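Colleague: The structure that follows is given in the form of structure tokens.
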Amino acid sequence: MGRDSSTSIKELMTAIKMKALGAPRLRRPRAPFLEVTTRGLIVVCTALAVVLSSIAVCDGHWLLADGRMFGLWHFCIMGEGEQEVGALVAELGVPPNCTTLLGLAGVDGLEAGMSVCRSVVSLAVVGAIFGLELLVMSQVGGDQDSDRRWALGSALVLVASALSAGGVLVFMVLLRSHAWPMGFTLTFWCQFTAVFLFFLNGMAARHIHHMVLPPSGSPGKC
């Protein structure tokens, strides 16, 4: 009887001690080398896409056809007709032989359509920058918030991909009668490449996020 009571007291004391100290914290397991490398490549490629898209939007000259340059911000004439446009441009203070009045290009709906196009692609760059920042921040911390940042960052990159693709599509539809493969400039192909990089990296980031998540009903990572 005395032995049972002493055993019960020891068990009670042990339980009180464990409750006071708290359960031991489990460290977050280190990610495998392949996963770390893949995440790093996604971040680098997303940064490259942001740079390409930024260059394409800032330059804005995307199509050269029939001696005319169609862009997001300017419409320019080269070769014949330079003197007529030059007089108009001198009044507006824009680059030589160019004008911001895109309606002078003689394409129906070009001015309104380009306003939509440049707004969409500019918003895509902004969204991609925020998504890239979240992807980078997720690799710094080691808590569950890192997974949320990675998921949100990948979603923003996919949104940037959709917006960029929409801007390119609007541009091509507006100038479908003038567009041909050899007429598109290097900055247009930069934007075209950025669309695919945004999409591929966003999908890869989401795929990795779902791979490392535990199945529903099982305990999460600590």
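Colleague: Condition first: surrounded by 18 or more Cβ atoms within 10 Å (Cβ to Cβ) and closer than 16 Å to LEU132 by Cα. Now tell me which residues in region 164-203 satisfy that.
Modeller: Once the filter is applied, which keeps residues that are surrounded by 18 or more Cβ atoms within 10 Å (Cβ to Cβ) and closer than 16 Å to LEU132 by Cα, region 164-203 yields SER164, ALA194, VAL195, LEU197, PHE198, PHE199, ASN201, GLY202.
Colleague: Residues ARG25, ARG39, ARG30: which one is open to solvent by less than 30 Å² (accessible area, probe 1.4 Å) and either at pLDDT below 90 or part of a helix (DSSP H, G or I) (or both)?
Modeller: Answer to the check: ARG39.
Colleague: Out of everything in region 106-135 that is touching a helix residue (DSSP H, G or I) at 6+ places or on another chain (Cβ under 8 Å) and open to solvent by 70 Å² or more (accessible area, probe 1.4 Å), what residue ends up being farthest from CYS76 (Cα to Cα)?
Modeller: That would be GLU133.
Colleague: If I filter region 55-78 down to residues being assigned to a helix (DSSP H, G or I) and either without any contact (Cβ under 8 Å) to a residue 24 or more places away in the chain or surrounded by fewer than 19 Cβ atoms within 10 Å (Cβ to Cβ) (or both), which single residue comes out as nearest to the chain's Cα centre (by Cα)?
Modeller: In this case the residue turns out to be ILE55.
Colleague: Being farther than 23 Å from LEU41 by Cβ, of a type in the set (Lys, Arg), in contact with a Leu (Cβ under 7 Å, 6 or more places away or on another chain) and modelled with pLDDT under 95 narrows it down to one of ARG118, ARG176, so name that one.
Modeller: Criteria check complete, one pass: ARG118.
The values are calculated or read from the model by the stated rules, or taken from the named source; none is laboratory data. Computed from a predicted model, the values in this text were never measured in an experiment. All Cβ positions, even for glycine, are placed from backbone atoms using ideal geometry, and neighbour counts span all protein chains on display. These area figures cover heavy atoms from the full protein model, side chains too; ligands, DNA and RNA do not enter into them. Shrake-Rupley method; radii C 1.70, N 1.55, O 1.52, S 1.80 Å.
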